[in-house]
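I have placed the structure first, in the form of structure tokens, so that the comments after it can refer back to it.
The values are calculated or read from the model by the stated rules, or taken from the named source; none is laboratory data. Please read these numbers as outputs of a predicted model, since none were measured by experiment. Neighbour counts run over all protein chains shown; Cβ positions are idealised from the backbone, glycine included. What goes into the accessible areas is simple: the full protein's heavy atoms, side chains included, and nothing from ligands, DNA or RNA. Shrake-Rupley method; radii C 1.70, N 1.55, O 1.52, S 1.80 Å.
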Amino acid sequence: MGIRFVHVFDPDHDPRRVAEVQRIFRSYFGEVYGDYAERIPDLLRGRAAVGRTIIIVAEDSRRRVLAFALAFHDRQRQSTLLDFLVVDPGVRQRGIGGALYEALREYLGRLGSRGLYLEVRPDDPALEPDPARRRENRARIRFYERYGARVITGTRYEAARPGRAEGEPYLMFDPLGVPRDPTADEVRGMIEAVLFRKYGYAASDPYAIGI
């Protein structure tokens with residue numbers, strides 16, 4: 001089965017693919033992320049606080065959408081945040097997620113992005129007590145490590161918020177094929193973008209201040 005990758009730019013001119021992205025999102029996450037699926041068209045219309053929305057879908061020869069990647073590109077910082085990479089739960093063909101991630105990385109390289117950031121659940125027993133979830137998290141981390149991504153250390157990004165038993169996600173950085181570590185200013189800028197612009201933290205929030 002041949003797979004091709006298509007950029008989705010406009011929900012009004014490509015409603016079928018946008019609807020497929022929404023369907024896959026709901027199939028995989030259910031109601032975990034509230035109305036996120038409903039907001040995807042608006043994100044494409046330029047209403048994302050973090051940056052320009054990028055959606056790339058993988059589809060088969062019958063134009064059936066099999067997976068999607070959704071990311072935000074910050075032109076000012078020339079960096080990108082991967083929000084979701086999701087394969088349709090009903091698709092049994094292996095390797096689609098990896099191929100889609102490679103397509104996203106290639107596109108970001110042409111775009112001039114200096115790095116791709118992403119959040120992953122922790123595999124540390126102190127942050128994730130459930131062994132089954134920990135194994136799943138570790139597999140996801142290793143998936144991104146195969147492409148050169150690494151967990152960013154030296155911050156308290158994954159520290160548990162007050163009243164929560166589990167930690168926050170790790171923040172990973174993929175240099176997109178150019179071996180380098182992000183600078184402290186780059187990491188700080190992305191963390192601020194995620195916390196304040198994506199999640200809407202108040203500047204006085206103890207968790208945000210602690211990082």
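Summary of computed values
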{"quantity": "Cross-chain or 6+ apart pairs with Cβ under 7 Å, the range 79-100 first and among the small types (Gly, Ala, Ser), then modelled with pLDDT of 95 or more and open to solvent by less than 10 Å² (accessible area, probe 1.4 Å)", "calculated": "Ser79/Gly115; Ser79/Tyr117; Gly97/Ala67; Ala99/Ala58"}
{"quantity": "The listed residue being closer than 15 Å to Pro182 by Cβ and in a helix (DSSP H, G or I), out of Leu108, Leu104", "calculated": "Leu108"}
{"quantity": "Qualifying residues in the range 1-19 (those that are open to solvent by 30 Å² or more (accessible area, probe 1.4 Å) and under 18 Å from the mean Cα position of the chain (by Cα)) - the one modelled with the lowest pLDDT", "calculated": "Phe9"}
{"quantity": "Exclusive hit being within 30 Å of Asp185 (Cα to Cα), open to solvent by 20 Å² or more (accessible area, probe 1.4 Å) and outside any helix (DSSP H, G or I), set Arg63, Arg77", "calculated": "Arg77"}
{"quantity": "Residue in the range 136-146 that is surrounded by fewer than 16 Cβ atoms within 10 Å (Cβ to Cβ), at pLDDT 90 or above, part of a loop (DSSP other than H, G, I, E, B) and touching a Gly at 6+ places or on another chain (Cβ under 9 Å) present", "calculated": "yes"}
{"quantity": "Candidates Tyr28, Tyr36 - the one that is free of Cβ contacts under 8 Å to residues at least 60 places away in the same chain and either β-branched (Val, Ile, Thr) or surrounded by 12 or more Cβ atoms within 10 Å (Cβ to Cβ) (or both)", "calculated": "Tyr36"}
